[in-house]
Amino acid sequence: MAGIDGLINLVVVYATLALAVWAFVDAIIRPAAAFVAAGKLTKPGWMAITGIATLLLLWQGPLSFFGLPAVIAAVVYLVDVRPAVRELPRGNSNW
């Protein structure tokens, strides 16, 4: 039974790490003006939050004292900020 528990723990660790990396990379590729136009925290702010969340998950894992807030930060970015920023046009388009 310990093998199944270890496997589930490994899946949770890698899934939450992938989630945080996805949030960090997405924050990098979005234009800075879109964050302000959507009424959200600035791009450097979200890059710092998601970057620190990624580092915390690498360092301690999702089931630690700082791991759970790191997962929550990545989920908040992906569920709240990302859709608001994606709605806005990229700009510099003649169409």
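Quick note: the coordinates plus some simple rules give every number you see, no bench work behind them. Remember, predicted model here, so these are calculated numbers, not experimental data. Cβ sites come from the backbone with ideal geometry, for glycine too, and all protein chains shown count toward neighbours.
Hey, does the stretch 40-50 have a residue that's aliphatic (A, V, I, L, M), surrounded by 12 or more Cβ atoms within 10 Å (Cβ to Cβ) and in contact (Cβ under 8 Å) with a residue 40 or more places away in the chain?
Among the residues of the stretch 40-50, at least one is aliphatic (A, V, I, L, M), surrounded by 12 or more Cβ atoms within 10 Å (Cβ to Cβ) and in contact (Cβ under 8 Å) with a residue 40 or more places away in the chain, which makes the answer yes.
Residues in the stretch 2-17 that are of a type in the set (Val, Ile, Thr) and surrounded by 10 or more Cβ atoms within 10 Å (Cβ to Cβ) were compared, and the one that is farthest from Gly61 (Cα to Cα) is Ile8.
Every residue, every condition in (1) outside any helix (DSSP H, G or I); (2) of a type in the set (Phe, Trp, Tyr); (3) touching a residue at least 40 places away in the same chain (Cβ under 8 Å), yes or no:
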residue	(1), (2), (3)
Asp5	no, no, no
Ala23	no, no, yes
Val36	no, no, no
Leu55	no, no, no
Phe65	yes, yes, no
Pro69	no, no, no
Val76	no, no, no
Arg82	no, no, yes
